[in-house]
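Undergrad: Next up is a structure, given as structure tokens.
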Amino acid sequence: MKLEGIHHITAVTGNAPQNVDFYARVLGLRMVKKTVNQDDPSVYHLFYADEEGRAGSDITFFEYPNARPGQAGDKMIHTIVWRVGSADALEFWAARLSAEGHEVEADGESLRFVNPEGLQHELVVSQVADEPLVADHPEIPREVALQGFEGVRAYGRPDDEFLTKLGFEQEGGRWDTRAATRGGWIEYAEAPYEPGVGGAGTVHHVAWASTMEDHQAWQDLVEDAGGGPTPIIDRFWFRSIYFREPAGVLFEIATLGPGFTTDEDPAHLGEKLILPPAFEHLRDRVEPVLTPLPDPRADWAAR
């Protein structure tokens, strides 16, 4: 039993309109679900991914309007690593990000930059045969588009025994997990002296992918390994368990399904506020307090 790489990564923003502009327009991802945080329905939960909203490319954000800036530190993920298809793609992104006013740092076969709130990203040339997870965008050719997650970098001291029990395999400083469809990794480093502070521009958690059939077995395995997982929580579009691994990083294991097209036409993902059935009765209360957001693709026909 192996985890199928990264399912999604969830971070925090204090500015949803700016967040939509950066991830949907600048980075060219597709907004595949505009909904609310199911643990705090008064705030957005925004999902961006490939054209089909598949796990492995899905970066998500809780919006806490005007949230103070955070600082990655011990027990936190500090960098999200994405795949691209070639060195030419790195050059494309260096030029595009620079033209948008974002500083970039090239380092061999990687490119680093931060989002408008300071969240560190890195692009690397893919070295695996995993299917590229690509979104359509009128300004970004598919051959240079982002192809989904490669891995994450975190601060902390990994517990080798615990990660091995979860099926991760150590390769250098990285812990890799790979199953039938995809793989991904987490790499740990010593934390800086400054303490970590949650807030805008920080990662909340990383979710690893499981089949629906294996999900209960994963909950049992984490419990047996001493991870203290939550019960399985039905998030409607997937099911989840949460726990902190011994280094303190918040992990989730999420299922590959039912998926974002369960309640939306695939051609119109992310265009309007969608609430899971259990939250629909809250619509009249939550919709008026959420920040108005545009449909990122509304003006495509005019381009």
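Just so you know, all these numbers are worked out from the coordinates, no wet-lab data involved. Keep in mind the model is a prediction, meaning the values are calculated, not measured. For neighbour counting, all protein chains shown are included, and Cβ atoms are generated from backbone atoms with ideal geometry for every residue, glycine included.
Undergrad: So for the chain, if I pair up every lysine 8 or more residues apart or on another chain, how many of those pairs have alpha-carbons under 26 Å apart? Present the calculation step by step, with values, prior to reporting the outcome.
TA: Details: LYS2/LYS75; LYS2/LYS165; LYS33/LYS272; LYS34/LYS272; LYS75/LYS165.
So the count works out to 5.
Undergrad: Please report, in whole Å³, the volume per residue of the convex hull around the C-alpha atoms of the stretch 216-258. Walk me through the numbers on the way to the answer.
TA: Details: hull volume 2.6 nm³, N = 43.
Given the Cα convex hull of the stretch 216-258, per-residue volume reads 62 Å³.
Undergrad: When N is the residue count of the chain, what does its C-alpha Rg come to as a fraction of 2.2 N^0.38 Å?
TA: Here the answer is 0.95, to two decimals.
Undergrad: While we're here: Using Cα pairs closer than 8 Å and at least 6 residues apart in sequence, work out the relative contact order for the stretch 150-195, in percent.
TA: Values: 58 pairs, mean separation 22.4, N = 46.
Worked out over the stretch 150-195, it gives 49 percent.
Undergrad: So what are the ³J(HN,Hα) numbers for the stretch 184-199, from phi and the Karplus equation (6.51, -1.76, 1.60; θ = phi - 60°), rounded to whole Hz, Gly and Pro as x?
TA: Each residue of the stretch 184-199 in turn: x, 8, 10, 10, 9, 9, 4, 6, x, 5, 5, x, x, 9, x, x Hz.
Undergrad: Here's a follow-up. Could you tell me the relative contact order of the chain? Use alpha-carbon pairs under 8 Å, at least six residues apart, and round to a whole percent.
TA: Values: 699 pairs, mean separation 78.7, N = 303.
Here the relative contact order equals 26 percent.
Undergrad: Just report the Cα centroid separation between the stretch 36-99 and the stretch 196-214, whole Å.
TA: For the stretch 36-99 versus the stretch 196-214, the Cα centre distance is 11 Å.
Undergrad: What fraction of the DSSP beta bridges in the chain is antiparallel, stated in percent and rounded to the nearest 5?
TA: On the way: 44 of 68 bridges.
Roughly 65 percent of the beta bridges in the chain run antiparallel, per DSSP.
Undergrad: Of the DSSP beta bridges with both residues in the stretch 201-292, give the percent that are antiparallel, rounding to the nearest 5. Intermediate results must be reported in sequence, preceding the final value.
TA: Working: 7 of 12 bridges.
So the antiparallel bridges in the stretch 201-292 amount to around 60 percent.
Undergrad: If you don't mind, there's one more thing I want to ask. Compute the separation of the alpha-carbon centres of the stretch 174-193 and the stretch 102-161 and state it in Å as a whole number.
TA: 13 Å
Undergrad: Considering the Cα trace of the stretch 165-265, what is its radius of gyration and what is Dmax, both in angstroms?
TA: 15.0, 48
Undergrad: I've got another one for you. Of ALA135, ALA99, ASN115, whose Cα points farthest to the positive end of the dipole of the stretch 2-155 (charges on the beta-carbon: +1 Lys, Arg; -1 Asp, Glu; origin at the Cα centre)?
TA: Checked the options; the winner is ASN115.
Undergrad: Scanning the chain for GluC sites (Glu not before Pro) in DSSP loops with at most 11 other Cβ atoms within 10 Å, what's the longest stretch left with none?
TA: Values: sites that count: GLU103, GLU139, GLU190, GLU213.
In the chain, the maximal stretch lacking such sites is 1-102.
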